[in-house]
Amino acid sequence: MYNGTRLKVDQDGIEALLLQSDRFKFDFSLDGGVPVSGDDNARVDMPKLGPTVQIGPMIKYKAWKNNTYDQSLVFNLPIRYVFSIDSGLNRTGYTAFPHVTYRRKVLFQEDRWKLGLSGGLLFGSEKYHAYYYQVLPEYSTEGRPEYDANGGYGGTRFIATFHRRDPKKLISIYALYDGVNNAVFEDSPLVESTGGVTVGFVVAWFVSQSRSLVEVKNWELD
């Protein structure tokens, strides 16, 4: 974990700050995707998909803040270029995830925790959707017909986080829901479910820290 004046690495990902005011923030963010096995039921005898890296600009607008109860409402617009890591680094389209985030500080068992609730719409280019959902003629079967993916609306995503950080450790609990109802690729034979939930937690201990520390405020809550 790292929290500097320009670079931040924490449970929310990696961000590099470019511009910031009381209401607006402009930075670069980094995200990623896990590999997909060719042994997956829908992808039997199809090539394995490598992991992806997403990087691009993100604009944030703080629409509301309540100092009394330490809470805020922020609109976010990340636009990221996608690169897949297969036999090399290959450009694989782009994504956008306009979403709104509600955050507040919570006193829980005498400790200060932070609650985050986010929800928004997923969009992707034709090349990005094709990477996951297209079926080329050579991989089509009786139960898996040829399919040509399109770009556009890719579904919805909702995220809940509950975390606390002190000088020695970070504790983070999260839940994520992705739904593809009415997505442009919903009728792909590779879509086995229209929704899924992921729940997990992270506990990290800090074995050391920089000798020179900077005081960095939480833009969304401070």
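Observations
- Out of Lys48, Lys127, Lys105, sole residue that is closer than 24 Å to Phe28 by Cβ and charged (D, E, K, R): Lys127
- Taking the range 46-60 as the range and being of a type outside the set (Lys, Arg) and loosely packed, with under 14 Cβ neighbours inside 10 Å as the test, the residues that pass are Pro47, Pro51.
- In the range 129-158, the residues that are over 15 Å from Pro189 (Cα atoms) form Cβ pairs under 7 Å with partners that are at pLDDT 95 or above and part of a helix (DSSP H, G or I), at six or more places apart or across chains, as follows: Gly151/Glu126; Gly151/His129; Gly154/His129.
- Hits in the range 194-209 - residues which are of a type in the set (S, T, N, Q) and either without any contact (Cβ under 8 Å) to a residue 12 or more places away in the chain or outside any loop (DSSP other than H, G, I, E, B) (or both): Thr198, Ser208
- Residue check for Tyr81: surrounded by 17 or more Cβ atoms within 10 Å (Cβ to Cβ), over 22 Å from Asn218 (Cα atoms) and out of contact with any helix residue (DSSP H, G or I) (no Cβ under 7 Å at 6 or more places or on another chain): no
- Pairs with Cβ under 7 Å, 6+ apart, first in the range 159-175 and more than 18 Å from Val100 (Cβ to Cβ) and in contact (Cβ under 8 Å) with a residue 12 or more places away in the chain, second in a strand (DSSP E or B) and of a type in the set (Asp, Glu): Arg164/Asp111
- For the range 102-147, the set of residues classified as of a type in the set (Gly, Ala, Ser) and surrounded by 13 or more Cβ atoms within 10 Å (Cβ to Cβ) consists of Gly116, Ser118, Gly119, Gly120, Gly124, Ser125, Ala130, Ser140, listed by residue number.
- Of all residues in the range 97-117, those satisfying the criterion of being part of a loop (DSSP other than H, G, I, E, B) and touching a residue at least 12 places away in the same chain (Cβ under 8 Å) are Phe97, Pro98.
- Applying a threshold of 6 Å to beta carbon distances and a minimum spacing of six or more residues, or different chains, the list of pairs starting in the range 17-45 at a residue that is surrounded by 13 or more Cβ atoms within 10 Å (Cβ to Cβ) and of a type in the set (Phe, Trp, Tyr) and ending at one that is modelled with pLDDT of 85 or more and not in a loop (DSSP other than H, G, I, E, B) reads Phe26/Ile59; Phe28/Pro57.
The values are calculated or read from the model by the stated rules, or taken from the named source; none is laboratory data. Here the structure is a predicted model, which is why all the values come from computation and not from measurement. Cβ: placed from backbone, ideal geometry, glycine included. Neighbour counts: every protein chain shown.
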